Structures are given as C-alpha cells and as structure tokens.
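None of the figures in this text is laboratory data; all of them are computed from the coordinates on show. Fair warning: this is a prediction, and the values are worked out from it, not measured in the lab. Here the Cβ positions follow ideal geometry from the backbone for every residue, glycine too, while neighbour counts run over all protein chains shown.
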Amino acid sequence: MFNAGIGAWTAKRRLKDPDKTALVFGERVFTYRQFADAVDQVAEVLHVRDISRGDRVAYIGENSPEFLFTLFACTQIGAVFVPINTRLAPPEITHVLTDSGARTIVYDIEFAERIAPGIAAGGIVHVIPTEEGLPGTPGLPELMTRSRGGRVAEEMDLGEPAAIIYTSGTTGKPKGAVLTHQNLTYVAINGIVDYGFASSDTALLISPLFHVAALGMGALPMVMVGGTIVLEKGFDAARALALIEKHGISTLSGVPTTYQLLADHPDWDGTDLSTLRKLTCGGSAVPTRILNAYEERGMSFSQGYGMTETSPGATHLPPQWTREKQGSVGLPHFFTNIRITNDAGEIVPRGTIGEIEIQGPNVFLGYHGLPEKTAESFRPGGWFRSGDMGYLDEDGFLFIADRLKDMIISGGENIYPAEVENLINDIDGVTGAAVIGVPDEKWGEVPWAVVTLREGASLTSEQLVEYLTGEIARFKIPRTTQVVEEFPRTASGKIRKADLRARYTGSVRPSHGIGTKEPWKTETIRTPKKTK
C-alpha cells in the first residue's frame with residue numbers, strides 16, 4: 001500500500017535517520033526509529049478498535065509526544081485527527097465533539113471533567129487517556145505496550161482529509177476547517193522553502209500544537225526535513241531561555257508578546273543565544289522596540305500572515321526586508337497566491353485597500369458540515385475570501401489593514417484599527433494594544449484604545465492623543481484609553497475584540513478621559529517616550 005499523505009512521514013524518517021534525535025520532551029528523548037515505532041503502536045491501538053478511513057479521532061491535551069504520536073497514527077490509517085483547544089469550556093468541547101462526529105477521544109486526565117458532557121452527548125465510543133491512573137480504563141502507554149508494533153497503514157491520496165481544526169471562534173461557534181494531506185504537506189514545504197528549515201535545525205516549540213501555526217509551521221516541517229523538535233508543554237520565558245542554550249536551539253516561533261517576554265527577562269543578557277538563527281513571528285507586526293532588542297543580539301525576524309483556513313501560512317516577510325518593509329507581512333509563500341479585491345471580486349490597483357484573497361494547495365477544503373458557509377468563502381478559481389482587509393504595495397508586499405468586521409466607521413470615515421495599534425505598540429511601556437469601535441451618538445462609532453502595560457508603566461488618554469497627533473488623522477485617534485491587566489485571547493494568541501466590544505459597549509466613558517486600569521485605578525508614573 002502507498003500512503004501519499006503525512007501518515008507516511010515517520011516511517012520514511014525511520015528509514016533515512018533511524019538514530020537521529022527526533023523529539024525531546026523534558027527527560028524523554030526519541031530517535032526517529034523510536035518515534036515511528038510509537039506511531040505504529042498507536043496506529044494499531046486505533047485499528048483494533050475499528051477506527052479506519054474517515055473516522056474522527058479527537059484529542060485534547062497539552063503539548064506532549066502523545067499528541068504527535070496520535071496525529072501521525074491517525075493519518076497513517078486514514079482517520080481524521082481533531083485537536084481540541086484546551087481553553088474551551090465544556091459546552092464548546094461538546095460542540096466540537098458532536099459537530100465533528102468524533103468516535104474516539106484521546107485526552108489528558110486533567111480534562112476528564114470538561115469532556116464528560118461531550119461524551120455523554122453520544123457519539124464517542126472509545127475513551128483513551130494519555131496516561132495511567134483511571135481505574136478500569138487503560139491509558140495509552142499501557143495500550144501501546146500491548147500492541148504488536150506492526151505497521152498498520154492505509155493507502156491515502158493527498159486530497160483526502162487529514163484533520164479538522166476548529167477556528168478560534170471569535171464570533172459564534174467555532175467552525176471546523178477541513179485540512180487535507182495536501183494542505184499540511186504544502187504548508188510544510190512552504191516553510192522549508194521560505195524559512196529555510198533544514199535537517200540541522202533544532203526547533204523549540206512552545207506554542208500549543210492544537211493551534212495550526214505550531215503544527216503546520218513548526219512540527220510538520222521539522223519532521224519532513226528530519227530536524228529535531230524540543231517540545232514544551234507551554235511557554236515560560238526563563239525555561240525557554242535555558243532550553244535555547246542547553247539544546248543549541250536554532251529556530252523559534254511565537255507572537256510578539258513571546259519575544260518581548262524573553263527580551264524583558266532578567267536572564268536575557270546572560271543567555272547564550274548564538275545558535276538562534278531563525279525567528280518566526282505571527283499574529284501581528286513586530287513592534288520596533290522588539291526588533292531593536294533582537295537586532296542588538298544579532299538576530300532578525302521572519303514575519304508572516306495566515307489563518308487556520310490556509311494551514312496556516314499565507315505570506316512570509318524575509319529578515320532582509322524587516323526594516324525596509326516594516327509593517328508588512330511579506331510576500332506570498334512559494335506555493336501560494338495573494339490578490340486584493342473589491343466587493344464585486346474585481347482585482348484592485350496596487351496600494352488600494354480591499355479584501356485579501358488566497359489561493360494555493362495549502363488552502364483548506366472547506367468548513368465541516370457547512371456547505372453554504374464554504375461556498376460563501378470562495379470565489380471562482382479556488383480563491384479563499386479571508387475576511388481581512390489589506391493592500392499590496394508597488395513591490396507586491398502585503399500590508400494588513402484590518403479584519404473587515406473590525407473596521408470602525410466614524411462619521412462616515414473608515415478606520416482600520418491595525419494601523420492605529422501598530423503606532424500604539426511602539427510606545428515605551430505598552431505591551432499590547434487593541435483598538436475597538438464604541439457606539440457614539442454624534443459619530444456613530446468612535447475608536448477606543450485598550451492597552452496592557454509593562455509593570456510600573458502608565459498611559460493616560462491625554463498622553464496617547466499627544467503621541468498620535470501628527471502621526472495619523474485626528475478622527476483615527478482614540479480619545480479614551482482603557483488599561484487592562486490582560487486581554488481576552490484565543491488559543492492562538494489573537495485578541496478577542498468581540499469580547500472587548502461587549503465589555504465596553506454602553507459603558508460610561510470617564511469625563512476626564514484618563515486611562516484607567518481594571519479594577520478602575522489610575523497611576524501616573526512617567527510619560528511614554530516615542531521609540532521611533
């Protein structure tokens with residue numbers, strides 16, 4: 001049998017690099033032979049339970065080798081892998097399980113109570129904990145030891161579903177994006193071509209694997225090229241710095257906050273970062289102060305843009321363009337195409353803001369069980385309508401204006417929050433910014449700034465207005481600044497603006513216009529400085 005999908009990768013790596021280190025997880029170390037053997041064992045565990053082509057296997061748990069074993073085992077036997085966001089509440093988990101039609105769930109024991117309603121809802125036949133400890137329910141390690149270890153595989157085509165990954169659900173219920181073997185293969189190839197991942201690389205993965213960025217742009221390219229993965233349950237700045245030095249980490253991916261927390265940590269200056277050559281960043285543009293901190297240590301960023309529906313990579317900004325094209329998310333990935341269109345689907349001139357559309361073998365098959373929503377999301381020719389607004393400059397570099405639904409219309413003028421947020425993020429002391437539209441009797445909507453600050457910093461509305469005056473048109477400048485301890489975020493780190501709008505819509509704006517910090521206290525420590 002011939003498996004053309006990602007389920008064949010571990011066996012091929014076992015053949016090519018049997019004794020090379022594939023995966024490090026704390027004290028657990030796996031060669032590619034051991035990695036592939038473990039995948040074969042999990043594949044048999046599923047196979048003897050009559051899990052086969054097209055069956056959905058759900059997984060909920062923190063980053064671990066078992067996550068990757070289960071993913072590759074599913075795709076090896078033709079099953080469809082359904083990773084579940086560990087931050088979801090029981091009703092949301094129940095929705096994912098019932099909507100996907102999962103027959104099996106593999107789970108970390110700590111999530112037993114949260115998945116119970118979904119199991120009770122019916123549909124789940126097999127329940128497999130990733131560790132021992134539940135009476136009468138053998139865990140995955142015990143089941144693997146019982147396995148004969150023979151390779152069970154199914155003939156697969158690239159166009160068949162490999163995974164259903166549920167979108168962040170910033171509005172409404174999460175939708176299941178169906179990603180094919182082709183999607184996941186080509187997103188890995190795009191990463192290898194554009195980021196230069198190689199077998200000599202050791203990648204530190206600190207973002208959750210249930211999010212497609214860590215999976216598609218982190219784990220999969222490393223397995224494809226035969227690199228080494230150092231996997232962490234989650235992100236801790238001190239531990240991440242120690243691991244970079246200990247393992248000679250060469251590639252790291254994250255969001256701007258990740259990199260800022262590393263640079264702000266007391267161990268930053270004393271950590272040997274000489275092996276760290278490839279830094280990839282998504283979620284939002286890298287603020288100038290973060291660029292400065294890393295360039296002072298001889299490092300530059302590759303930035304990018306994408307979403308679950310594009311597996312996720314769509315564009316890539318190489319390090320050599322970081323300064324000249326600052327604010328851009330780059331050029332289309334090698335096997336991906338980008339265009340900007342108006343409401344009628346017509347391509348607009350360079351420099352004109354319109355909807356970003358994406359085409360390529362990394363673009364998803366559609367939304368599971370939602371044919372009408374899928375049809376609405378595509379134009380003829382396989383062009384996916386992202387719902388994001390942006391423009392291409394004269395050189396073809398993409399700049400994001402904002403989400404179509406996040407655009408603010410104030411007095412008939414369009415305000416794209418990302419433009420304002422990028423400026424706010426460059427204020428000394430600001431660690432994050434979100435600009436939202438709040439109803440206003442006179443203007444229809446007015447922009448508010450919601451920010452998080454470094455410890456000991458403060459920001460008032462007057463200071464923000466002063467900083468932005470002359471940088472952008474006055475109607476774009478938020479007159480109210482709210483300081484919060486932290487943002488509501490999706491698992492991928494994106495700010496849930498819908499939650500912020502719900503929090504502040506109808507709230508009373510302070511008449512003095514001073515930014516406040518929940519729970520509603522004001523501090524004035526220093527005036528922010530421009531860092532341009």
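How far, in degrees from 0 to 90, does helix 32-47 lean away from the longest principal axis of the Cα atoms of the chain, to the nearest 10?
Helix 32-47 sits roughly 80 degrees off the main axis of the chain.
What is the angle, in °, between the Cα long axis of helix 237-247 and the longest principal axis of the Cα atoms in the chain? Nearest 10 is fine, range 0 to 90.
Computed tilt is about 50 degrees.
Once amide H atoms are built 1.01 Å from N in the peptide plane, which residues 5 or more positions from Leu317, or in another chain, come under 5 Å H to H?
Distant-sequence amide H within range of Leu317: Gln303, Gly304, Leu331.
When all C-alpha to C-alpha distances in the range 1-234 are sorted into bins of 5 Å, what percent of pairs does each bin hold, rounded to whole numbers?
Histogramming the range 1-234 at 5 Å steps yields 1, 7, 15, 20, 22, 18, 11, 5, 1, 0 percent.
Angle check, please: helix 65-77 long axis (alpha carbons) against the longest principal axis of the chain (alpha carbons), in degrees 0 to 90, nearest 10.
Its long axis makes an angle of about 60 degrees.
Can you work out the base-10 log of I(q)/I(0) for the range 274-321 at q = 0.27 1/Å, using the Debye formula on its C-alpha atoms alone?
-1.03
Could you tell me which GluC sites (Glu not before Pro) in the range 75-157 are loop residues by DSSP with no more than 15 other beta carbons within 10 angstrom of their beta carbon? Show your work: numbers first, answer last.
Details: sites: Glu92, Glu110, Glu113, Glu131, Glu132, Glu142, Glu154, Glu155; in loops: Glu131, Glu132, Glu154, Glu155.
Answer in residue order: Glu132, Glu155.
Please state the equivalent ellipsoid semi-axes for the chain: what are the square roots of 5 times the Cα gyration tensor eigenvalues, largest first, in whole Å?
Numbers: eigenvalues 311, 128, 112 Å².
Semi-axes, largest first: 39, 25, 24 Å.
Residue-wise, which Karplus ³J(HN,Hα) couplings in Hz belong to the range 461-474, taking 6.51 cos²θ - 1.76 cosθ + 1.60, θ = phi - 60°, and x for glycine or proline?
These are the phi-based 3J(HN,Hα) values: 4, 4, 5, 5, 4, 4, 5, 7, 4, x, 8, 9, 4, 4 Hz.
Run through the range 1-100 and list the trypsin sites (Lys or Arg not before Pro) located in a DSSP loop whose Cβ has at most 13 other Cβ atoms within 10 Å.
Those that pass, being in a loop and sparsely packed, are Arg53, Arg87.
Output the pairs from Lys173/Lys233; Lys175/Lys476; Lys16/Lys278; Lys16/Lys175 with a Cα-Cα distance over 29 Å in this structure; if there are none, say none. Display every interim value, and only then the final one.
On the way: Lys173/Lys233 26 Å; Lys175/Lys476 33 Å; Lys16/Lys278 25 Å; Lys16/Lys175 38 Å.
Lys175/Lys476; Lys16/Lys175, as the Cα separations exceed 29 Å there.
Which distance in Å, rounded to a whole number, links the C-alpha centroids of the range 244-294 and the range 166-241?
Measuring centre to centre over Cα atoms gives 17 Å.
Set the Förster radius R0 to 41 Å, insert the Cβ-Cβ distance between Glu413 and Glu155 as r into 1/(1 + (r/R0)^6), and round the FRET efficiency to 0.05. Don't skip to the answer; put the middle values down first.
Values: r = 57 Å, r/R0 = 1.40.
Computed FRET efficiency for Glu413 and Glu155: 0.10.
Loop-only GluC sites (Glu not before Pro) in the range 278-351, please: DSSP not H, G, I, E or B, and at most 14 other Cβ atoms within 10 Å. Present the calculation step by step, with values, prior to reporting the outcome.
On the way: sites: Glu295, Glu296, Glu309, Glu324, Glu346; in loops: Glu296, Glu324, Glu346.
Qualifying residues, ordered by number: Glu296, Glu324, Glu346.
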